[in-house]
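Quick one: structure below, then a few questions.
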Amino acid sequence: MSLTSFHFKIMHCLTVDSYTIDELANIFNVSQSNIRVCIKQIGELLGKKKIFGIHNELNNNPNLKEDLKCLQKLTCDERKVFILLSFLRNELVNLSELSKKLKVTRRTISKDIVELKKILYDYNLNIEGFNSSGVKLVGLEEKKREIFELYLFKIYYEKKYLPEEFSEFFNYFKTLKIENNVDYSVQKILSMRKVLYQSFIILKMEILFIIAIIRQKYPVNYSHIDISENFKELFKKAPFLSDYEIKCIQEVYFQKDINNIFENNPKEIEIVKNLIIYLNKNLPYKFKVSQDTLIHIAHIAIIMDYKKKFNIKEFYSFNKKTFSLYMEEFHQITFFLRKYFDSIDSFDETSIATTLINSLHLEMEKKIENLNNIIIVYRFLQKPLLKNICKELGLEKIIKDTNYISVYEFDNYCKNNEINGIIIFEDIDIFNLNYKVISFNFPVSKMDYIKIKSFIE
């Protein structure tokens, strides 16, 4: 039996909780029959008939998903992405070698290329045969870089669930970043103006640098390009940047106000305003949206537009256990209250247990306030949203503005800073075993901060 990235996404959800078929269908926005087929296949593989059994098996064997990676095969869409990105490094791509690498026939690869050509047509690009040596991506270098940039975004979004074949790209990019000190250059660019350190912007800059490094043999040169004084020294240290990357970087920099989404993205603002009007007409309650809220939703709309174009489907496994997280202590206390008292009703046991729990949490709050060097590592969640969540959790005193670290800055941050604990709200892997990591799933409540106690134990 073979697995796809969709199976692994479902397994991730079932590691978090024992979701129902209906809940999984809602999470992934697919039909229940689609989910049933995948659940049946996963169940047969693990020897479990029910979702709860799969959930327990995945939690009892933390390495199980990694062990199952050997059964994962590329989907048709993933093969097309792999074929296209093969041209990033290679002028000519040999179909026989590609078919061996992707474990499919040459005929299948040829069919994928036919479909890929339809996408490339919009960029005035084409894939053509080149004698018996292989196939070649033909067209303007600028257009090639444009589509490479978009597809690199796609694989970085879906990195965690992609088949092992894609690791060759990620390992190569990681080496290039270190060798060319890309992290330093990206941070230098972002520090030149007051800017929201969104992961989307950081990733865009990294991708531009990676493409420029790989495609040095095929530079994009314009007849004239003005280079700002602010960038001259930086660009001199990165001679691999072509005029295409210089233009892209400076366009971002020279926007009148990089955080002024009302001026830079009027289309998305209008979409969000109309959305609010629509919801207010159709729902029994009314939304009074602040400017900040409008901006946050518009940022999501911008990324949604891109994701729609390249069929990127993210998911979030919502928290079913918010109640049980802080009720574990409640059940323990009430169990012994019933043993201690000959007779106690539920109202009294609840009153006593809640009072005791509150006293525990007050004591814990005092200890939490003394914690330091705790950071939030985030991916694509908005920083203002994370700040509000931390405020809700009562963590605003220990999580300073500089403690919100993008996952794309994390490795660099670790080199220069002491870290006593990491908090995440997204599906992010922290591979350094020296750090304590606490993961939260939405929605969160004030009582969820009970998880923080592992930092003070």
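The values are calculated or read from the model by the stated rules, or taken from the named source; none is laboratory data. Note that the structure is predicted; figures quoted are calculated from it, not measured. For neighbour counting, all protein chains shown are included, and Cβ atoms are generated from backbone atoms with ideal geometry for every residue, glycine included.
Please go through region 51-89 and pick out each residue that is surrounded by 15 or more Cβ atoms within 10 Å (Cβ to Cβ) and not in a helix (DSSP H, G or I).
GLN72, LYS73, LEU74
Mind checking which residues of region 1-45 are of a type in the set (Gly, Ala, Ser), buried (at least 16 other Cβ atoms within 10 Å of the Cβ) and part of a helix (DSSP H, G or I)? Give the steps one after another, and end with the answer.
Filtering region 1-45 down to residues of a type in the set (Gly, Ala, Ser) leaves 2, 5, 18, 25, 31, 33, 43.
With the extra rule that they be buried (at least 16 other Cβ atoms within 10 Å of the Cβ), the set shrinks to 5, 18, 25, 43.
Matches in region 1-45: SER5, ALA25, GLY43.
May I pose another question? Which of the residues that make up region 91-125 are under 20 Å from LYS217 (Cα atoms) and either in contact with a helix residue (DSSP H, G or I) (Cβ under 8 Å, 6 or more places away or on another chain) or of a type in the set (D, E, K, R) (or both)?
Residues satisfying the conditions are GLU91, VAL93, LEU125.
Let me ask something else. If you check every pair at least six apart or on different chains, which have Cβ atoms under 8 Å apart with a residue in region 397-416 that is of a type in the set (A, V, I, L, M) and part of a loop (DSSP other than H, G, I, E, B) first and a residue that is crowded, with 18+ Cβ neighbours inside 10 Å and at pLDDT below 90 second?
Between residues of region 397-416 that are of a type in the set (A, V, I, L, M) and part of a loop (DSSP other than H, G, I, E, B) and residues that are crowded, with 18+ Cβ neighbours inside 10 Å and at pLDDT below 90, the close pairs are ILE398/ILE368; ILE399/CYS390; VAL407/SER199; VAL407/ARG379.
Considering only region 305-314, I want to know if a residue exists there that is over 22 Å from PHE28 (Cα atoms) and either among the polar types (S, T, N, Q) or modelled with pLDDT of 70 or more (or both). Lay out the reasoning, then the answer.
To start, the set of residues in region 305-314 that are over 22 Å from PHE28 (Cα atoms) comprises none.
Checking region 305-314: not a single residue is over 22 Å from PHE28 (Cα atoms) and either among the polar types (S, T, N, Q) or modelled with pLDDT of 70 or more (or both).
With respect to LEU137, determine if the residue is out of contact with any strand residue (DSSP E or B) (no Cβ under 9 Å at 6 or more places or on another chain) and either more than 25 Å from TYR378 (Cα to Cα) or in a helix (DSSP H, G or I) (or both). Give the derivation first.
Numbers: out of contact with any strand residue (DSSP E or B) (no Cβ under 9 Å at 6 or more places or on another chain): no; either more than 25 Å from TYR378 (Cα to Cα) or in a helix (DSSP H, G or I) (or both): yes.
No, not satisfied.
While we're on this one: Please tell me if ASN265 is surrounded by 13 or more Cβ atoms within 10 Å (Cβ to Cβ) and at pLDDT 80 or above. Break it down stepwise before answering.
Numbers: surrounded by 13 or more Cβ atoms within 10 Å (Cβ to Cβ): yes; at pLDDT 80 or above: yes.
Yes, satisfied.
Can you spot a residue in region 441-452 that is outside any helix (DSSP H, G or I), modelled with pLDDT under 75 and among the polar types (S, T, N, Q)?
yes
Being modelled with pLDDT under 90, among the acidic types (Asp, Glu) and either buried (at least 19 other Cβ atoms within 10 Å of the Cβ) or outside any loop (DSSP other than H, G, I, E, B) (or both) is the filter here, so list the residues in region 184-233 that pass it.
GLU229, GLU233
Then there's this: I'm trying to understand the selection: among the residues of region 144-183, which are surrounded by 15 or more Cβ atoms within 10 Å (Cβ to Cβ), more than 18 Å from GLN216 (Cβ to Cβ) and free of Cβ contacts under 8 Å to residues at least 60 places away in the same chain?
Answer for region 144-183, where residues must be surrounded by 15 or more Cβ atoms within 10 Å (Cβ to Cβ), more than 18 Å from GLN216 (Cβ to Cβ) and free of Cβ contacts under 8 Å to residues at least 60 places away in the same chain: just TYR156.
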